[in-house]
Amino acid sequence: MVGAPPVTMGNFGGDEDNWVWPRHTADFSLFRIYAGRDNKPAAYSKDNVPYKPKKSFTINASGIKVGDFTMVYGFPGRTTEYLSSWGVDLIANVTNPIKVDLRTIRLEIMEQEMGKSDVVRIQYAAKRNGAANAWKKWRGEMDGLIDYNAVAKKQQREAMFTTRIASDNTKVAKYGTLLADLKLKYAEIGPWQRAADYMNEGALSVELIRYISNYRKLVNLCKAERQEQAEIDKTLKALKAGVDGYFKDYNSAVDMQIAAGIFGEMDKSMAADKKPSIFSEVKNSRKGKWTKYFTKLYASTIFINKDKVKAALEAFTPNNWNVFASDPAYALTDSLYTHFYTVITPPYQKANDEITRLNRIYMEAQMAVFPEFHFYPDANSTLRVAYGNILPYNDPTATDGFMYSWYTTLNGVAAKENPYIPDYEVPQRLMEFWRKKDYGRYADKIDGELHTCFIATNHTTGGNSGSPVFDANGNLIGTNFDRVWEGTMSDVCYDLQRCRNITLDVRYTLFVIDKYAGAGYLLDEMKIVW
């Protein structure tokens with residue numbers, strides 16, 4: 001690693017600005033690959049030299065403008081743009097609301113406890129940010145799909161699909177029942193999807209339960225009819241190695257509150273016939289008081305105490321696995337995972353497999369029935385190219401409408417600067433450059449300002465952070481790192497009017513390296529067009 005900006009620049013705006021435009025984040029890092037003197041892979045040596053590739057990207061530092069062509073490539077996760085109306089409805093009105101509600105409980109408790117203690121704040125900063133990232137994305141996606149009337153638009157397409165195939169007997173024979181079959185299967189999976197979401201995002205998200213789940217493998221290996229000693233030793237070694245790291249950032253008091261809140265919400269909202277047995281047990285024995293239940297559970301388990309866990313692991317043998325299995329928190333964890341994998345997963349997976357099969361046919365059918373449409377391929381975790389143009393956009397949720405510019409500048413950093421809010425602290429060295437307007441050759445040639453980020457219409461998704469962004473000549477103009485809040489629905493429905501990817505302007509990157517960090521010599525290793 002050669003270098004990275006300070007966190008006050010590299011994560012400027014923190015979670016507040018995450019998934020939001022305007023954005024002013026210098027989100028990049030620099031690495032150098034070394035090789036032997038023959039330019040071939042080599043073990044570490046002080047004599048190694050920077051690797052010289054056959055081809056490297058030329059950087060366009062001469063500037064960009066509205067309407068310019070842009071292209072992004074990388075290895076994004078998955079998008080599902082061609083789902084049926086029932087699939088979109090499940091995401092917008094079932095899955096995302098459940099996950100948002102459950103994660104809201106976790107976040108509120110974390111933030112409350114982080115505000116009381118610096119120790120907890122340090123322990124839970126990364127956990128809180130990780131939980132908030134998906135939470136904010138799901139909220140934006142959910143709201144966007146509803147505001148866009150995505151389900152209604154899908155229904156219109158399905159009505160057109162039905163009309164078109166009605167005049168073709170071959171297509172009727174092949175696709176005539178397809179939409180009815182999809183509707184039926186989504187109705188079948190709905191209750192199981194809700195149950196799976198409540199389990200995954202609820203019960204199985206509790207830190208104590210997740211941690212103990214690692215010990216289930218060890219216990220099950222020891223309980224097996226034929227013990228595999230090598231696998232037992234490997235699992236035991238991994239558990240021992242992970243103890244210190246886990247407990248360094250674990251706070252049982254915070255976790256206990258989260259557990260009580262999560263299980264209370266599940267008790268209230270999860271379908272009775274899908275709940276694990278613990279819910280009826282607590283209802284019968286403790287009148288549904290989850291705080292009281294978890295207070296007793298956490299007080300009686302070894303799994304919240306690092307020293308007790310270490311001692312148990314050191315004393316462990318394949319014949320005394322019950323030292324873990326007899327623990328009350330282990331018993332709860334085992335019952336929850338058993339319920340999830342034996343009661344919920346089989347019917348859910350069966351329906352999901354059938355939906356996957358039907359969706360393949362539906363994709364084929366759409367391409368056959370709508371030959372005039374261009375079907376941009378979904379992301380599937382392999383190399384994907386997205387293309388578009390640098391464009392501003394209207395906020396579709398604003399009462400009177402609001403046009404967002406296509407770029408931001410260092411003026412926005414200065415306007416947001418607040419030394420009392422960590423996410424909006426700005427290094428004084430950077431503020432000095434701003435006060436003097438000392439941007440050197442990185443200033444925009446038209447307005448003289450230092451541009452920080454820009455937006456374009458490229459269809460990106462999770463996994464595209466860090467993807468290179470190119471101009472029409474294949475020159476590097478920035479680094480993709482986010483999407484706008486109003487367009488996070490693009491994983492499911494892409495709308496040219498509101499979906500924008502957010503890119504770090506390469507000129508800001510070069511400014512930080514050269515002017516701010518004083519490492520202009522690094523630019524000598526780059527090919528730059530000024």
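Screening ALA253 with (1) open to solvent by less than 40 Å² (accessible area, probe 1.4 Å); (2) among the small types (Gly, Ala, Ser); (3) under 29 Å from LEU107 (Cβ atoms) gives one miss only, at (1).
Scanning for something at pLDDT below 95, touching a Lys or Arg at 6+ places or on another chain (Cβ under 6 Å), part of a loop (DSSP other than H, G, I, E, B) and open to solvent by 40 Å² or more (accessible area, probe 1.4 Å), does region 405-423 turn up at least one residue? So far as region 405-423 goes, no, none of its residues is at pLDDT below 95, touching a Lys or Arg at 6+ places or on another chain (Cβ under 6 Å), part of a loop (DSSP other than H, G, I, E, B) and open to solvent by 40 Å² or more (accessible area, probe 1.4 Å). Residues satisfying the criterion are absent from region 478-485 (criterion: in a loop (DSSP other than H, G, I, E, B), over 20 Å from VAL512 (Cα atoms) and either in contact with a strand residue (DSSP E or B) (Cβ under 6 Å, 6 or more places away or on another chain) or not hydrophobic (A, V, I, L, M, F, W, C) (or both)). Does TYR387 satisfy the condition of being under 17 Å from THR79 (Cα atoms), open to solvent by 20 Å² or more (accessible area, probe 1.4 Å), at pLDDT 95 or above and not in a helix (DSSP H, G or I)? So TYR387 passes the test. Filter region 314-333 down to residues that are among the aliphatic types (A, V, I, L, M) and either free of Cβ contacts under 8 Å to residues at least 40 places away in the same chain or surrounded by fewer than 12 Cβ atoms within 10 Å (Cβ to Cβ) (or both) and give me whichever is nearest to ASP255 (Cα to Cα). Residue satisfying both the conditions and the ranking: ALA331.
Number of residues in region 24-58 that are in contact with a helix residue (DSSP H, G or I) (Cβ under 6 Å, 6 or more places away or on another chain) and either free of Cβ contacts under 8 Å to residues at least 12 places away in the same chain or among the hydrophobic types (A, V, I, L, M, F, W, C) (or both) equals 2. Residues that are modelled with pLDDT under 95, aliphatic (A, V, I, L, M) and outside any helix (DSSP H, G or I) within region 201-232 comprise just one, ALA224. For region 505-519, name all the residues that are in a helix (DSSP H, G or I), open to solvent by less than 20 Å² (accessible area, probe 1.4 Å) and under 24 Å from LYS52 (Cβ atoms). Within region 505-519, VAL506, THR509, LEU510, ILE513 meet the criteria.
Among the numbered conditions (1) within 28 Å of MET110 (Cα to Cα); (2) among the β-branched types (Val, Ile, Thr); (3) in contact (Cβ under 8 Å) with a residue 40 or more places away in the chain, the only one that VAL219 does not meet is (1).
A single entry from ASP47, ASP27, ASP38 fulfils the requirement of being among the acidic types (Asp, Glu) and in contact with a strand residue (DSSP E or B) (Cβ under 6 Å, 6 or more places away or on another chain): ASP27.
The values are calculated or read from the model by the stated rules, or taken from the named source; none is laboratory data. Bear in mind the structure is a predicted one, so any value in this text is a computation, not a measurement. Methodologically, a virtual Cβ is constructed for each residue, glycine included, from the backbone with ideal geometry; neighbour enumeration extends over all protein chains shown. Surface areas here come from the heavy atoms of the whole protein model, side chains and all, with no ligands, DNA or RNA. Shrake-Rupley method; radii C 1.70, N 1.55, O 1.52, S 1.80 Å.
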